[in-house]
Amino acid sequence: MSVEFSQKWVGQAVQKLFGRSALEPTDLEEIKYLTIGESFENDFFIEMSVEQPPKPFVNTDGGDEWAFCLRGSDISELVKTYKDDSGFQLSMFELEREDKKWQRYCFSGTAEKLWSAFSESVLEERYYEEHSDEEFDEWYDGVRASIWRDIALFAGVEVLRIHGLEIPDLMFLKKFTNLRTAEFVETTFNSANGIERLNVLEQLACWRD
């Protein structure tokens, strides 16, 4: 059974990753790392790799989000905080815990080397369409609200990072049985359904606009 994407550009990026146009659901299960969303520069992007991401996960070319990410019981506290909410963005603000040993690792040469080696396996593609001023917002908001359908196809990922999208709920994560790390950046969820799936994560980074 072939894979159908709601966003043509996402499908084309996956085809490029595997070097062929015919894709099966089992192909997507090979993808272990996925970052997808808006770049906050009026376009969209996707990053993928079939290699195993660093464990624990730290990308050292970003900010300090992983040095202060939630782990263990901190994630459970976040789930309790948002489990009855609707129309929300997750934030780890005031839930972070000071862990100097962990923070030293996040800023260490070891973490940097692991990320540098892994990043060489990552394919990145960008997507943008020209529209009139009157049509641009409709196009942009439409993409932001529909990419989640394609994200749900990548059920084999271990690290999932979503930027600036609008998603109905977190129920799609129930299929992500290998997921150990997630990041949600300025991502809006219309419902908290499925949020308990976050409890099984080893790491969670999230903040709102």
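The values are calculated or read from the model by the stated rules, or taken from the named source; none is laboratory data. Treat the numbers as computed from the prediction; the structure is a model and nothing was measured. Neighbour counts run over all protein chains shown; Cβ positions are idealised from the backbone, glycine included. Keep in mind that these areas ignore ligands, DNA and RNA; they rest on the heavy atoms of the full protein, side chains included. Shrake-Rupley method; radii C 1.70, N 1.55, O 1.52, S 1.80 Å.
Overview of results
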read-out: Proximal charge balance of Val3 [Cβ under 15 Å; K/R count +1, D/E count -1]; value: -1
read-out: ³J(HN,Hα) computed for each position of the stretch 139-154 - Karplus, 6.51 cos²θ - 1.76 cosθ + 1.60, integer Hz, glycine/proline x; value: 5, 5, 5, x, 5, 4, 8, 10, 4, 4, 4, 7, 4, 4, 7, 8
read-out: Tail weight of P(r) past 28 Å, computed on alpha-carbon pairs of the chain, percent; value: 27
read-out: Gyration tensor verdict on the stretch 12-72 (Cα atoms; rounded if a/c is under 1.5, prolate if a/b is larger than b/c, oblate otherwise); value: oblate
read-out: Relative contact order computed over the stretch 75-209 (Cα-Cα under 8 Å; 6+ residues apart), in percent; value: 34
read-out: Radius 13 Å from Cβ of Gly87, net charge of other residues (Lys, Arg +1; Asp, Glu -1); value: -3
read-out: Accessible carbon and sulfur surface of the chain relative to its total accessible area, %, 1.4 Å; value: 45
read-out: Solvent exposure of the stretch 46-92 as accessible area per residue, Å², 1.4 Å probe; value: 43
read-out: Greater than 20 Å apart at Cα, pairs in Lys32/Lys101; Lys101/Lys174; Lys55/Lys100; Lys80/Lys100; Lys55/Lys101; Lys16/Lys174; value: Lys32/Lys101; Lys101/Lys174; Lys80/Lys100; Lys16/Lys174
read-out: Residue-count net charge about Phe184 - beta-carbon cut-off 14 Å; Lys, Arg +1, Asp, Glu -1; value: -4
read-out: Amide H contacts of His163 (H built 1.01 Å from N, under 5 Å, at least 5 apart or other chain); value: Ile36, Gly37, Glu38, Val185
read-out: Cα shape, the stretch 51-145, gyration tensor, a/c 1.5 rule; value: oblate
